[in-house]
């Protein structure tokens with residue numbers, strides 16, 4: 001059984017207060033875009049979420065085989081903040097014992113408004129040290145020339161796609177910076193490139209923009225314009241299911257894409273440090289994720305732990321269930337009616353008290369890998385078909401800590 005542990009971050013939005021106020025906002029006083037200002041003391045972990053994260057890694061409270069960052073390391077193509085953020089990512093890698101981050105390029109990481117460069121929106125990224133997006137010259141050349149690169153790490157394969165490759169350009173009807181786009185070269189070259197390599201059982205695609213529509217206002221058009229074609233491509237590549245990690249809209253979630261059971265799993269990461277817009281407050285939080293993925297009997301199965309930033313305590317907290325992703329969850333297994341029956345049959349065996357969802361996971365291990373949405377469907381089927389209700393001691397309907405019990409007939 002192959003497995004990998006990932007630390008998944010996104011949308012840090014490092015910023016220089018002077019650049020943001022005077023170059024971006026023409027001297028107006030505005031709210032800070034994130035909690036990661038360049039004038040913060042780097043060692044003050046109580047007000048600096050990234051330094052607090054580094055301390056978790058240094059104290060071995062988090063461990064990972066790979067560090068995935070889903071883009072928007074800086075804000076508004078701020079060169080000072082980008083340099084600081086890039087070095088901070090490498091500091092974190094050092095504490096984790098990892099050689100370098102696996103990073104996607106975000107819309108805030110490219111100078112699409114040509115504030116810094118007169119020639120190229122990506123000029124700032126090309127001059128970073130260590131080299132961006134990777135120090136491996138062959139893969140870096142492929143990324144800049146073709147819009148993607150492939151990074152193989154023992155049991156796992158990571159494909160990084162630049163969905164901001166066309167930012168800074170425009171057609172007669174729209175700006176490319178308004179949405180993500182997979183470069184056409186990806187569709188011409190990636191499948192052949194993958195087929196020429198030995199197949200991996202764990203396959204990940206890292207990009208910034210969402211490849212499928214999310215629950216966003218109708219005026220938001222930032223989805224990858226040819227995201228459907230990307231999903232179709234992954235559905236056809238190899239015999240093992242892909243997992244897509246992306247950021248951009250700061251709204252975490254997990255969903256399935258494609259037209260078959262082989263369609264990719266889409267993991268939407270929230271922002272680790274952005275000051276969240278009013279229109280999404282209550283739906284999200286500042287988070288990062290420890291994600292374990294394994295291939296077991298041909299199934300790509302995942303479990304994750306979420307840490308949420310507690311501003312009052314100045315700490316990354318486990319066990320804080322918010323309206324974003326829960327503190328613990330899974331993905332990869334699509335339940336069936338037979339699974340619901342198995343769960344219902346476990347309830348009478350525990351009549352001395354309610355059976356907890358954790359006990360269900362222990363007795364039916366695949367239940368640990370259903371998504372939150374699928375878990376809610378299972379609970380509803382238990383209620384409607386088997387008269388099994390669940391009790392909650394926190395008033396929420398997403399996680400049943402109180403356990404399951406036989407209920408009255410409905």
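The values are calculated or read from the model by the stated rules, or taken from the named source; none is laboratory data. Please read these numbers as outputs of a predicted model, since none were measured by experiment. Methodologically, a virtual Cβ is constructed for each residue, glycine included, from the backbone with ideal geometry; neighbour enumeration extends over all protein chains shown.
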*Would you check if there is a residue in the stretch 76-91 being free of Cβ contacts under 8 Å to residues at least 40 places away in the same chain, touching a strand residue (DSSP E or B) at 6+ places or on another chain (Cβ under 8 Å) and surrounded by 14 or more Cβ atoms within 10 Å (Cβ to Cβ)?*
yes
_Condition first: surrounded by 14 or more Cβ atoms within 10 Å (Cβ to Cβ) and at pLDDT 80 or above. Now tell me which residues in the stretch 378-410 satisfy that._
378, 379, 381, 382, 383, 386
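Please go through the stretch 238-266 and give me each residue that is at pLDDT 90 or above and part of a loop (DSSP other than H, G, I, E, B), ordered by number.
First, pick out the residues of the stretch 238-266 that are at pLDDT 90 or above: 240-258, 263-266.
Correct list: 240, 241, 247, 248, 249, 250, 251, 252, 257, 258, 263, 264.
Identify, from the list 120, 137, the residue that is closer than 22 Å to residue 66 by Cβ and surrounded by fewer than 19 Cβ atoms within 10 Å (Cβ to Cβ). So that I can check it myself, show each step before the final result.
Working: 120 fails: closer than 22 Å to residue 66 by Cβ.
Step by step, each of 120, 137 is checked, and only 137 is closer than 22 Å to residue 66 by Cβ and surrounded by fewer than 19 Cβ atoms within 10 Å (Cβ to Cβ).
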*Quick one: in the stretch 92-114, which of the residues that are at pLDDT below 95 and surrounded by fewer than 15 Cβ atoms within 10 Å (Cβ to Cβ) is nearest to residue 247 (Cα to Cα)?*
113
*So which of 205, 233, 189 ends up being surrounded by 24 or more Cβ atoms within 10 Å (Cβ to Cβ), in contact (Cβ under 8 Å) with a residue 12 or more places away in the chain and not in a loop (DSSP other than H, G, I, E, B)?*
205
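Results for (1) more than 27 Å from residue 157 (Cβ to Cβ); (2) out of contact with any helix residue (DSSP H, G or I) (no Cβ under 6 Å at 6 or more places or on another chain); (3) free of Cβ contacts under 8 Å to residues at least 12 places away in the same chain, shown as yes or no for each residue.
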site	(1), (2), (3)
26	yes, yes, yes
51	yes, yes, yes
54	yes, no, no
61	yes, yes, yes
66	no, yes, no
